[in-house]
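Worksheet: one structure, shown below.
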Amino acid sequence: MEEIITITEAAALQIKDMMKENEEEGAFLRVAIQGGGCSGLSYGMGFAHELEEGDTELELHGIKVLIDKESAPALKGTKIDYKQSMMGGGFTIDNPNAIASCGCGSSFRTATNSGTPEEC
């Protein structure tokens, strides 16, 4: 069975570092999609401490990842990476379901979910 999302080793190392810095070792990483952003949907990543009803739980590079059932279809096949550059580092999200995304790269829409677009 194909995982809903994949996390590269570089992103996993960064997430583990963030867990340690924030004393969140042992927490879940929740990846979700919310309404908003200039294209209608935006990504959310944060630490969670409990499973909610309908969550899918994955283990990727030793990180327990939670995805809610509303976000799962729009995240299918998504790859989360971490890129380091001269300007610092940042997570990149490559979602094959996004049919339109904004210039900032943090907002998108899919063929079945246009979200709630806002003014940029």
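Quick note: the coordinates plus some simple rules give every number you see, no bench work behind them. From a predicted model like this one, the values you see are computed outputs, not experimental measurements. Cβ sites come from the backbone with ideal geometry, for glycine too, and all protein chains shown count toward neighbours.
By the beta-carbon count within 10 Å of each Cβ, the least crowded to most crowded order of 99, 93, fewest first, is 99, 93.
Computed over segment 5-110, the range of Cα coordinates on each principal axis works out to 41, 35, 20 Å, biggest value leading. The alpha-carbon of residue 76 sits under 25 angstrom from the alpha-carbons of these lysines, leaving out residues fewer than 8 places away in its chain: 16, 64.
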